[in-house]
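Undergrad: Please read through the structure below; I'll follow up with questions.
The values are calculated or read from the model by the stated rules, or taken from the named source; none is laboratory data. Worth saying up front: this structure is predicted, and the values here are computed from it rather than measured. Glycine gets a Cβ as well: all are built from the backbone with ideal geometry, and neighbour counts include every protein chain shown.
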Amino acid sequence: MADIDLNARFHESGIGAVLAQLDAELVGLKPVKRRIREIAALLLVDKLRRDVGLTAQPPTLHMSFTGNPGTGKTTVAARMADILHRLGYIRSNHLVSVTRDDLVGQYIGHTAPKTKEILKKAMGGVLFIDEAYYLYRPENERDYGQESIEILLQVMESRRDDLVVILAGYADRMNRFFTSNPGFRSRIAHHIDFPDYEPAELLAIAELMLQDQNYRFSPPARDAFVRYLDARMQQPHFSNARSVRNALDRARLRQAVRLFDARDQPLTPEALMTLEPGEILASRVFTVAAGAAP
Amino acid sequence: MRITQGTFSFLPDLTDDQITRQIAYCQRNGWAVNIEFTDDPHPRNTYWEMWGQPMFDFKDPAAVLYELKECRKVHKDRSYIRVSAFDATAGWESVRLSFIADRPLEEPGFALQRQEGDGRSIRYTTRAYATDKPAGDRY
């Protein structure tokens, strides 16, 4: 049997580009990237094996993403369709993003057609169920969510090569969901946990977000933002990248007001782009932090 | 008598694999795929019953094929089933492709009827043997 040039196959598959892009555009998320790398490797090796006539079942790629708010679950899921399509696992590059409302009906007999319709829409691509634990409501035994779960399970099992299902939600609630639906846990091959971000990663995320919107920190503003993150992370309801985005949105508001108030002075394009420390330090987070400190 | 109509009417019936690829072609062009059935084979019977709704937002042939199989569970060997693709683009707004996907096991064909008119003129018409029986019992 002829030798197989894995290196050449790796290059022509374009996997390298997919992984590099993932690295460049998503900060942190080590375990997530590692798992995507593993999946990519498996799919490539699988293709090679098929080429030489070694048959195997296509791998199951249903996934569950768990993690705290703002850790990038939805962002990665949106990417997943693109990644799996480029790896040649799914036929079309489309993601159908749904929540409980889209799957569960309002009256008897409404749920099954509704769930099936969504599943058919997602075929060939990725079905992303955000906050999947809402599907199961143990406190109401007549809840139609269970019916939807049964159809989902059946399709996940029988039409594995037609669609990939990704569930996402907060870790503790997803765990409770899986405990009460053991069939779900075993049908999902990849349970990926999204870790919280480190302060340095959050800063990098902030700079990426600003760059995308053609803003940037002045050096003192950058220092102020580091202090802001320190203070904000101590406070309740910190939701990682989402909190960063909200903080930046508010800083943009304050910058606009500052420029507006100084409208009799000449304005440079530089000034339109730059966030100054004043915009960060005006945040309520600092007064709360100072008040809490003895 | 084997009824033919629509695209590929000169070819043998398409296999599921070929149907899948035709559907993929339609979806690539952004056409809505429909499944229709009838048990009245008359060529002027253009409005067939629809199976479900037009599938505007399905991106993958697997979903349409699923519906086709559901339709076959009810109508296989008892009706004609056809797949058609509707182009909603302004200016077209019509069916761009349609083919018969399933047909009854036996197709008895048509009788030619003559009607004597004034003088020696004769009017011709065809009548499907199948329509002698009531709808639902034809095949």
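Undergrad: Restricting segment A:68-91 to residues that are away from every other protein chain (no Cβ under 14 Å), outside any loop (DSSP other than H, G, I, E, B) and small (Gly, Ala, Ser), which is farthest from the chain's Cα centre (by Cα)?
TA: Taking segment A:68-91 first, the residues away from every other protein chain (no Cβ under 14 Å) are A:68-80, A:82-83, A:86-88.
Still in the running and outside any loop (DSSP other than H, G, I, E, B): A:73-80, A:82-83, A:86.
Subsequent filtering for residues that are small (Gly, Ala, Ser) retains A:77-78.
Working: A:Ala77: 5, A:Ala78: 7 Å.
For segment A:68-91, the residue satisfying everything is A:Ala78.
Undergrad: Keeping to segment B:10-41, report how many residues are within 11 Å of the chain's Cα centre (by Cα) and part of a loop (DSSP other than H, G, I, E, B). If you could, list the steps in order and put the result at the bottom.
TA: From segment B:10-41, those within 11 Å of the chain's Cα centre (by Cα) are B:34-41; that's our starting set.
From what is left, the residues that are part of a loop (DSSP other than H, G, I, E, B) are B:39-41.
Adding up the residues that qualify gives 3.
Undergrad: Across segment A:223-273, which residue is surrounded by the most Cβ atoms within 10 Å (Cβ to Cβ) among those that are at pLDDT 90 or above and of a type in the set (Ser, Thr, Tyr)?
TA: Residue satisfying both the conditions and the ranking: A:Tyr228.
Undergrad: Another question, if that's okay. What are the pairs with Cβ atoms under 8 angstrom where one residue, in segment A:35-59, is in contact (Cβ under 8 Å) with a residue 40 or more places away in the chain and in a helix (DSSP H, G or I) and the other, located anywhere, is of a type in the set (Ser, Thr, Tyr) and surrounded by 14 or more Cβ atoms within 10 Å (Cβ to Cβ)? Sequence gap at least six, or different chains.
TA: A:Leu43/A:Tyr89; A:Leu44/A:Ser13; A:Lys47/A:Ser13
Undergrad: Taking interchain pairs and intrachain pairs at least six residues apart, which have beta carbon atoms under 7 angstrom, with the first residue in segment A:268-283 and under 10 Å from A:Ser218 (Cα atoms) and the second among the aromatic types (Phe, Trp, Tyr) and not in a loop (DSSP other than H, G, I, E, B)?
TA: Partner pairs satisfying both residue conditions: A:Leu275/A:Phe217.
Undergrad: Is there any pair with a first residue in segment B:64-81 that is within 18 Å of B:Asp17 (Cα to Cα) and of a type in the set (A, V, I, L, M) and a second that is part of a loop (DSSP other than H, G, I, E, B) and modelled with pLDDT under 95 whose Cβ atoms are under 7 Å apart and which are 6 or more apart or on different chains, and what are they?
TA: B:Val64/B:Phe58
Undergrad: Checking the structure you have, find out if any residue of segment B:113-125 is surrounded by fewer than 16 Cβ atoms within 10 Å (Cβ to Cβ) and under 21 Å from B:Thr7 (Cα atoms). Outline the logic, then answer.
TA: From segment B:113-125, those surrounded by fewer than 16 Cβ atoms within 10 Å (Cβ to Cβ) are B:113-125; that's our starting set.
Filter once more, so that each one left must be under 21 Å from B:Thr7 (Cα atoms): none.
No, that holds for no residue.
Undergrad: Can you tell me which residue within segment B:53-84, out of those that are loosely packed, with under 15 Cβ neighbours inside 10 Å and not charged (D, E, K, R), is nearest to B:Val95 (Cα to Cα)?
TA: For segment B:53-84, the residue satisfying everything is B:Phe56.
Undergrad: In segment B:26-77, how many are touching a His at 6+ places or on another chain (Cβ under 7 Å), over 20 Å from B:Asp13 (Cα atoms) and more than 10 Å from chain A (Cβ to nearest Cβ)? Don't jump to the end; show me each part of the working.
TA: Here is the first cut: in segment B:26-77, the residues touching a His at 6+ places or on another chain (Cβ under 7 Å) are B:37, B:59.
Imposing the further condition that a residue be over 20 Å from B:Asp13 (Cα atoms) reduces the set to B:59.
Checking which are more than 10 Å from chain A (Cβ to nearest Cβ) leaves us with none.
Going through segment B:26-77 one residue at a time, the tally reaches 0.
Undergrad: If you go through segment A:281-294 one residue at a time, do you hit one that is at pLDDT 85 or above, within 12 Å of A:Tyr215 (Cβ to Cβ) and in a helix (DSSP H, G or I)?
TA: no
Undergrad: While we're looking at this one, here's another question. Quick check: anything in segment A:124-134 surrounded by fewer than 18 Cβ atoms within 10 Å (Cβ to Cβ) and either part of a loop (DSSP other than H, G, I, E, B) or modelled with pLDDT under 85 (or both)?
TA: So far as segment A:124-134 goes, yes, one or more of its residues are surrounded by fewer than 18 Cβ atoms within 10 Å (Cβ to Cβ) and either part of a loop (DSSP other than H, G, I, E, B) or modelled with pLDDT under 85 (or both).
Undergrad: Kindly provide the set of residues from segment A:92-143 that are touching a helix residue (DSSP H, G or I) at 6+ places or on another chain (Cβ under 8 Å) and farther than 28 Å from A:Arg176 by Cβ, ordered by number. Before you say what the answer is, go through the steps one by one.
TA: Looking only at segment A:92-143, we keep the residues that are touching a helix residue (DSSP H, G or I) at 6+ places or on another chain (Cβ under 8 Å), and these are A:92-100, A:102-105, A:111-112, A:114-116, A:118-121, A:123-138.
A:Ser92, A:Asn93, A:His94, A:Lys120, A:Lys121, A:Met123, A:Gly124, A:Gly125, listed by residue number.
Undergrad: Related question: Hey, can you tell me all the residues within segment A:72-99 that are in contact (Cβ under 8 Å) with a residue 40 or more places away in the chain and within 19 Å of A:Tyr134 (Cβ to Cβ)?
TA: A:Lys73, A:Thr74, A:Ala77
Undergrad: Got a number for residues in segment A:186-201 being under 20 Å from the mean Cα position of the chain (by Cα), touching a residue at least 60 places away in the same chain (Cβ under 8 Å) and assigned to a helix (DSSP H, G or I)?
TA: Qualifying residue count, segment A:186-201: 1.
Undergrad: Can you find a residue in segment B:108-123 that is touching a residue at least 40 places away in the same chain (Cβ under 8 Å) and in a strand (DSSP E or B)? Reasoning before the result, please.
TA: Within segment B:108-123, the subset touching a residue at least 40 places away in the same chain (Cβ under 8 Å) is B:108-110.
Now restrict to residues that are in a strand (DSSP E or B): B:110.
Scanning segment B:108-123, I find at least one residue that is touching a residue at least 40 places away in the same chain (Cβ under 8 Å) and in a strand (DSSP E or B), so the answer is yes.
Undergrad: A further question on this structure: Assess whether B:Ile3 counts as being closer than 19 Å to B:His75 by Cα, β-branched (Val, Ile, Thr) and in a loop (DSSP other than H, G, I, E, B).
TA: Yes.
Undergrad: Does segment A:144-165 include one or more residues that are under 15 Å from the mean Cα position of the chain (by Cα) and either assigned to a loop (DSSP other than H, G, I, E, B) or within 14 Å of another protein chain (Cβ to nearest Cβ) (or both)?
TA: First, pick out the residues of segment A:144-165 that are under 15 Å from the mean Cα position of the chain (by Cα): A:165.
Those left that are additionally either assigned to a loop (DSSP other than H, G, I, E, B) or within 14 Å of another protein chain (Cβ to nearest Cβ) (or both): none.
Scanning segment A:144-165, I find no residue that is under 15 Å from the mean Cα position of the chain (by Cα) and either assigned to a loop (DSSP other than H, G, I, E, B) or within 14 Å of another protein chain (Cβ to nearest Cβ) (or both), so the answer is no.
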